[in-house]
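The values are calculated or read from the model by the stated rules, or taken from the named source; none is laboratory data. Remember, it's a predicted structure, so these values are computed and weren't measured experimentally. Every residue, glycine as well, gets a Cβ built from its backbone with ideal geometry; the counts of neighbours run over all protein chains shown. To get the accessible areas, we keep the full protein, side chains included, count just its heavy atoms, and leave off ligands, DNA and RNA. Shrake-Rupley method; radii C 1.70, N 1.55, O 1.52, S 1.80 Å.
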Amino acid sequence: MANEDKARDDKADNVVVLRELGRALRRQGPHVDVADLASETGLDETVIRVNFPKGRQDIIDAVIGDTCEEFDETVTNPMLSSASPREALQEAADGLSAYYEGGARTCLFRLFSVPDGTPHAPVIKDAAQRFLDALATVYARAGREESAARARAHRTFAELQGTLVLGQMTGDTTLFRAFTDQLPRTV
């Protein structure tokens with residue numbers, strides 16, 4: 001019982017725990033076990049097990065929820081609150097650059113993009129849909145017809161994912177930076 005109380009006391013900030021676990025999941029993949037997550041993050045395994053008693057799936061659910069919320073706060077919401085379409089896309093570019101650490105951070109949309117029926121698929125799809133809808137809104141505000149705005153939003157999202165995947169494969173983030181640099185000019 002003393003270890004559980006200590007683990008609860010050690011867990012002063014769940015956001016920090018989630019961020020560290022998220023980084024570890026990006027490096028190790030969704031099939032990593034709790035012991036390896038503890039080793040990868042430097043967190044005590046007891047702390048992880050007390051805070052996520054259902055194990056790896058509990059961790060994945062929490063990390064994905066936190067990550068999608070972070071994406072909304074960093075990218076989608078600032079884009080929607082901007083005064084002009086160009087400013088909105090600049091907000092998106094800045095947010096994407098911060099969120100993906102200049103293209104160096106692995107995308108959980110890609111890492112956890114799995115078939116329907118998995119527990120986290122709806123959360124990821126909802127976050128992706130919010131981003132796509134926000135992009136379409138911005139392109140429509142810039143004067144594009146609804147179908148053209150939606151098509152452009154899909155192309156933008158595909159370009160984003162492509163630059164992230166290619167950057168991860170090659171270790172070169174210049175394509176991602178070129179994408180974020182040109183994004184405000186797509187209106």
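Could you say which residue among A7, A38 is over 20 Å from the mean Cα position of the chain (by Cα), at pLDDT below 85, crowded, with 18+ Cβ neighbours inside 10 Å and assigned to a helix (DSSP H, G or I)?
Selected residue: A7, the only one of A7, A38 that is over 20 Å from the mean Cα position of the chain (by Cα), at pLDDT below 85, crowded, with 18+ Cβ neighbours inside 10 Å and assigned to a helix (DSSP H, G or I).
Would you please list the contacts, defined by Cβ atoms under 6 Å and residues six or more apart or on different chains, that run from a residue in region 69-90 that is surrounded by fewer than 18 Cβ atoms within 10 Å (Cβ to Cβ) to a residue that is charged (D, E, K, R)?
S82/E91
Taking the stated definitions as given, is A136 within 21 Å of T163 (Cα to Cα) and touching an Asp or Glu at 6+ places or on another chain (Cβ under 9 Å)?
yes
Counting only residues that are touching a residue at least 24 places away in the same chain (Cβ under 8 Å), open to solvent by 50 Å² or more (accessible area, probe 1.4 Å) and within 20 Å of S81 (Cβ to Cβ), how many does region 115-132 have?
Total meeting the criteria: 2.
Within the bounds of region 46-65, is there any residue that is at pLDDT 80 or above, open to solvent by 70 Å² or more (accessible area, probe 1.4 Å), closer than 21 Å to Q168 by Cβ and not hydrophobic (A, V, I, L, M, F, W, C)?
Residues of region 46-65 at pLDDT 80 or above: 46-65.
With the extra rule that they be open to solvent by 70 Å² or more (accessible area, probe 1.4 Å), the set shrinks to 49, 53-54, 56.
Checking the rest, the ones that are also closer than 21 Å to Q168 by Cβ come to none.
No, the conditions are met nowhere in region 46-65.
Filter region 94-124 down to the residues that are in a loop (DSSP other than H, G, I, E, B) and among the aliphatic types (A, V, I, L, M), then identify the one that is modelled with the lowest pLDDT.
Narrowing region 94-124 to residues in a loop (DSSP other than H, G, I, E, B): 100, 104-107, 112-120.
Checking the rest, the ones that are also among the aliphatic types (A, V, I, L, M) come to 104, 114.
Working: A104: 86, V114: 60.
Only one residue fits best here, namely V114.
When P53 is evaluated against the numbered criteria (1) part of a helix (DSSP H, G or I); (2) more than 14 Å from Q161 (Cα to Cα); (3) not charged (D, E, K, R), which criterion, by number, is the only one it fails?
It is condition (1) that P53 fails.
Among the numbered criteria (1) more than 14 Å from the chain's Cα centre (by Cα); (2) open to solvent by 40 Å² or more (accessible area, probe 1.4 Å); (3) not hydroxyl-bearing (S, T, Y), which one does L135 miss?
(2)
Every residue in region 138-164 that is loosely packed, with under 14 Cβ neighbours inside 10 Å and modelled with pLDDT under 95, please.
A158, G162 - these are the residues of region 138-164 that are loosely packed, with under 14 Cβ neighbours inside 10 Å and modelled with pLDDT under 95.
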